[in-house]
């Protein structure tokens, strides 16, 4: 038997023993659900509430343009500000959760989302849209971004950590799938203001569950993390320095390592080839080939459906397979998809296009669980904050690719070079993923 097999069997036995010990410690009954699962459930619902606004711009953009006569440039600028803050807020949100607690930061984030969406119904000027859509909701959703999922998974789970990270990551896609048809129907039958209020009430409705169920650490509930071995040490004391300085210091420390730049570079390419290229330009590109926009939008929605399954599956695989190998596979298949996309686009939906949609959907954010796991492995107790910075690179990559693809389309009259460029970037990301090293420092 190999050393790896022996280690796996030893780990499995330890997990089973720890799980049995935790069930006893959680209330004596062997069948009682571990509190970590309730925390994960509330975190999932909270992410659903925050995801409501992620579906809003596509539904509300045209009604705002028609009512106020605002140019698309103004409305898009508010969305751009939202995306930038969504990325930049992530590392600071992780530090704020360490400093002030998960419940407080999450509740305030949901209040910002609710305020930004609710105040939209009374705006009359473009700058007010920048404040509501851009600033308030950008800060709120940024505080509820992937670092929130990583914080819950890292603190509350040892066993099934990858699975939980995958499920919580999928919450964003699930939220958009739930809210998008609802908001579209409300906008058509009632008004865009009614749709905005739905997001407001959805975000506010989650806050009581956050306050009652969420805790910072399992020890706050008198248990250890799910799957943790008996006698696991208490969590380290929270750094008393400011959240902003801690986030910056974590970046400064991580930036000295090649691992950080490999993770950030790969995740920037992930953002470029998802939100930047496909998320922004797939529909207009399909329309260039004669496909109705409603059909193209339906295909993009189908990507979101398969994204849920792909992300959860990726979380399960991250618990069992080297995350580096997973990233290599994900980026390779994504690159192949982009390489053949110019020959798949046409005026109708063919089976080959459906295969592309399924594969791309399964691969959409499957990179998140292994990337978060590698941040935790390489940077220990600072891993969640470092992942926040890596996630920020994802958003910047998306923004740059979106702009570059627009230039390609305006210059050449088609998107072919943009798809080929994305395929090349995926090859780079796959190669870079192989070079990612393991632990840089011991976890505290």
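Values in this text are rule-based calculations from the coordinates and carry no lab data. These numbers come from a predicted model, not from an experiment. All Cβ positions, glycine included, derive from the backbone under ideal geometry; neighbour counts span all protein chains shown.
Rounded to the nearest 0.05, what FRET efficiency is calculated for residue 336 and residue 77 with R0 set to 41 Å and r the Cβ-Cβ distance? Walk me through the numbers on the way to the answer.
Values: r = 35 Å, r/R0 = 0.85.
Calculated value: 0.75.
Full extension of the segment from residue 219 to residue 316, taken as 0.36 nm per residue of separation minus the current Cα-Cα distance, would add 32.4 nm. Within segment 341-361, whose backbone N sits under 19 Å from a point 7 Å along Cα→Cβ of residue 305? Under 19 Å, as judged by backbone N against the label point of residue 305, lie 348-361 of segment 341-361. Note on segment 32-221: Rg/Rh from Cα positions, Kirkwood definition for Rh, rounded to two decimals, is 1.00.
Modelled spin labels at residue 410 and residue 189, positioned 7 Å past Cα toward Cβ, are 4.1 nm from each other. Cβ-Cβ distance of residue 434 and residue 123, R₀ of 56 Å, FRET efficiency by 1/(1 + (r/R0)^6): the value works out to about 0.70.
Computed on segment 239-439, with alpha-carbon pairs under 8 angstrom and 6+ residues apart, the relative contact order is 41 percent. Structural size metrics of segment 79-136, computed from C-alpha coordinates, are Rg and Dmax of 12.7, 38 Å.
Please arrange 98, 220, 319, 363 by counting, for each residue, the other beta carbons lying within 10 Å of its beta carbon, fewest first. Could the numbers behind the result be given before it?
Numbers: 98 23, 220 13, 319 18, 363 26.
Ascending Cβ contact count within 10 Å gives the list 220, 319, 98, 363.
Going by neighbour counts of Cβ atoms within 10 Å, the residues 164, 45, 355 line up, fewest first, as 355, 45, 164. Dividing the Cα radius of gyration of segment 311-438 by 2.2 N^0.38 Å, with N the residue count, gives 1.16. Each of 411, 280, 259, 311 was scored by other Cβ atoms within 10 Å of its Cβ. Listed from fewest to most, they are 411, 280, 259, 311.
A simple spin-label model places pseudo-atoms 7 Å from Cα toward Cβ; at residue 253 and residue 427 they are separated by 3.8 nm.
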